[in-house]
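The values are calculated or read from the model by the stated rules, or taken from the named source; none is laboratory data. Here the structure is a predicted model, which is why all the values come from computation and not from measurement. Ideal geometry is used to build each Cβ from the backbone, glycine not excepted, and the neighbour counts take in all protein chains shown. Protein only, heavy atoms only, side chains kept; ligands, DNA and RNA dropped before computing areas. Shrake-Rupley method; radii C 1.70, N 1.55, O 1.52, S 1.80 Å.
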Amino acid sequence: MNMKKITYISAAACIVLFMGLQSCVSKLDVTNPNRFTDDDIYKYIDENPDGEEKVLTGLVGGLPGYINVYNADMNGGYSNSLAYESSFEFKRFMQSGDAIEGDISHNGTFSEWYQNTSTNTYWYTDQTVNCYGYYLGPVHKYGPAQKALDFLTADKVANSASMKASRAQALAMKAICYMMLMERWTDLQDVTSTTEQGWPIYDKYDYNSPQEPLSVAGTWAWIKDAFDEAATLGVNCGYTIGKESSQIYDIDLAVIQYYRCRAALDRKDWATAIEAGNDVLSHYPSFIKAGDYGMKASLLPAVNKRLNISEQHPYGTAWGGTDFNAEKNAFFNLEINPEAIFGGARGSSNIFWTLDGLNALKNGPSGYYQIDENLYKAMSDNDCRKACILPSDFDGFYVYTNNGADTTWYSYTMPKYTSFKWAASSAIGYGNHTNQSTISDNIYLRSSAVLLMTAEAYAQSGQDAQAIALLDKLLAARTIDGAATMTCANTMPGMSALDMVKLQWRLEMWGEGDWAFFNQKRWGQQFERGANHWSKTQIQQFTWKIPQQERQGNPYWDTNK
């Protein structure tokens with residue numbers, strides 16, 4: 001990472017003191033009148049009762065926006081939905097084979113990723129979007145984090161709880177950046193190499209002379225130390241659990257421990273993964289209720305109902321169905337989702353509805369996302385997750401295209417195994433099947449992923465009983481109301497604890513984040529695609545080559561990488 005040359009002006013000073021554009025810094029040895037030193041900032045804090053709060057807001061207040069970062073340069077300069085980090089995550093999910101997009105005659109936005117086409121050489125060093133853009137996602141996290149850390153040094157925060165909390169947030173964001181770079185550009189099967197290159201660690205937001213990358217082992221060690229310090233300081237952030245924006249859209253200790261647990265899992269540090277995971281789970285003991293998990297496929301005929309269907313009006317004259325509002329679906333509504341760790345409160349378009357197009361009730365054939373048949377058949381009939389999947393083809397599914405107006409309708413056959421995990425016929429605050437809005441809550445990180453990380457760490461370290469105990473909690477929560485409680489013993493007989501964990505990863509986190517891809521990379525295992533796939537090609541490459549732009553700025557990179 002080569003940071004462009006900048007004038008060092010504290011982000012806090014810029015925001016708090018409302019200064020205008022900074023002037024260029026002369027190379028002459030004179031004081032720049034527009035440059036605020038740390039002493040200036042401390043003076044401001046001392047002279048203003050709310051000065052410290054404002055400074056810290058200026059330093060770290062914008063960091064939550066970098067969890068699912070958006071920037072056009074990640075998408076080749078184009079400002080659209082593909083410029084979100086979550087869009088890259090969805091590409092990874094589609095590569096995994098756990099889902100099918102559309103069918104062979106109806107290809108959707110992510111078709112080339114689902115097919116893993118031979119022409120899609122995303123890992124090549126000269127790929128502007130899919131290599132360099134993928135690299136820029138983590139790098140955009142680094143910038144604001146390091147700017148804050150330049151001021152929030154360990155010695156300066158020692159006597160202030162709020163400053164310790166802010167340092168924890170910035171340090172966690174920097175560690176997330178390097179964790180992502182390591183996941184994408186190094187081999188997760190060999191995380192202890194002292195000869196293979198990891199990444200160079202830069203500790204100043206300024207023009208940096210190129211540094212030699214640390215080894216793989218050295219980089220992972222730095223990431224561990226950074227997350228450990230962030231977690232220690234993060235007790236000053238605490239757990240801000242709730243449905244309000246200030247609680248769900250912030251970097252609290254839950255977010256720090258979530259990513260600390262993931263990084264530990266990557267580097268096969270099972271003890272740290274277990275410790276971090278159990279800390280989160282102790283604060284998130286509850287699960288989504290089975291009745292709130294997605295939309296049950298059995299409701300589709302009622303939701304789809306049309307009035308006055310005749311030869312003259314083959315699509316009917318009006319919608320007469322039962323509205324399944326987003327407020328009924330826990331994946332759209334924080335009010336009924338006790339697992340939410342990070343996301344966006346009501347008021348924004350939902351990323352799973354609009355960006356990834358996973359709301360089957362608002363799509364046509366190219367946007368019907370189906371679960372792999374082998375996964376479907378691996379589920380118990382008592383599983384609420386199976387109840388959210390269409391068991392057979394559904395003929396005559398009606399979709400209209402005009403916002404809010406019942407005018408132009410189309411009828412399609414929805415294929416079996418289509419998922420209704422993110423189904424809703426209207427947005428929160430709307431009704432009657434309207435297309436006027438996609439407003440709902442965004443649930444981006446949730447505690448079930450932490451449970452699975454922790455269970456995997458137990459299984460990988462030979463503690464099978466503890467892994468199974470956690471999975472039994474998840475299975476009990478996913479049991480349909482009134483059905484016999486699911487357990488590992490009665491739903492996955494004969495499987496090893498680790499294989500049980502792997503299956504539950506694929507079922508529970510279906511469609512969420514990039515777990516499906518990086519789990520396979522971490523396990524060194526891909527899965528045979530089921531009979532309902534129209535493309536059988538698996539992932540070609542799990543590890544990217546260093547982007548051309550990064551390599552050109554740093555002569556220390558091995559040219560073979």
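For region 38-75 and region 183-208, compute the distance between their C-alpha centroids and round to whole Å. So the separation of the two Cα centres works out to 27 Å. Given R0 = 45 Å, the distance between the Cβ atoms of residue 535 and residue 560 translates into a calculated FRET efficiency of 0.90. A Förster radius of 25 Å combined with the Cβ-Cβ distance from residue 118 to residue 528 puts the calculated FRET efficiency at roughly 0.80. Divide the volume of the convex hull around the Cα atoms of region 394-518 by the residue count and you get 159 Å³ per residue.
Using the Cβ-Cβ distance between residue 490 and residue 377 with R0 set to 22 Å, the FRET efficiency works out to roughly 0.85. For region 308-334, the residues whose amide N sits under 17 Å from a probe point set 7 Å from the Cα of residue 241 along the beta carbon direction are 334. The angle between the Cα long axis of helix 447-460 and the longest principal axis of the Cα atoms of the chain comes to about 80 degrees, rounded to the nearest 10. Length gained on full extension, residue 543 to residue 195, computed as 0.36 nm times the residue gap minus the Cα-Cα distance: 123.6 nm.
The residues of the chain have, on average, 39 Å² of accessible surface per residue, using a 1.4 Å probe with all protein chains present. Dividing the summed -39500 (n - 2.57) terms of all DSSP H runs of n ≥ 4 by the residue count of the chain sets its mean residue ellipticity at 222 nm at -11000 deg cm²/dmol. Among the protein heavy atoms of the chain, carbon and sulfur supply 49% of the accessible surface, probe 1.4 Å, non-protein parts ignored. All other residues with a Cβ under 11 Å from the Cβ of residue 537 taken together, and with Lys, Arg as +1 and Asp, Glu as -1, what is their net charge? Around residue 537, the charge tally is +1. Listed by chain and number, the aspartates and glutamates whose alpha-carbon sits under 16 Å from that of residue 305, ignoring those within fewer than 8 places in the same chain, are 323, 395, 406.
For the set 498, 361, the ranking by accessible area, highest first and with no ligand, DNA or RNA atoms included, is 498, 361 under a 1.4 Å probe.
Would you mind calculating the gained length between residue 289 and residue 268 on full extension (0.36 nm times residue separation, minus the Cα-Cα distance), in nm to one decimal? Stretched fully, the residue 289-residue 268 segment lengthens by 4.3 nm.
For region 43-66, list residues with backbone N below 17 Å from a point placed 7 Å from the Cα of residue 211 toward its Cβ? Counting only backbone N, you get no residues.
Multiplying each eigenvalue of the alpha-carbon gyration tensor of the chain by 5 and taking the square root yields semi-axes of 41, 27, 24 Å, largest first, rounded to whole angstroms. Add +1 for every Lys or Arg and -1 for every Asp or Glu among the other residues with Cβ under 12 Å from the Cβ of residue 223, and state the total. For residues surrounding residue 223, the net value is -1.
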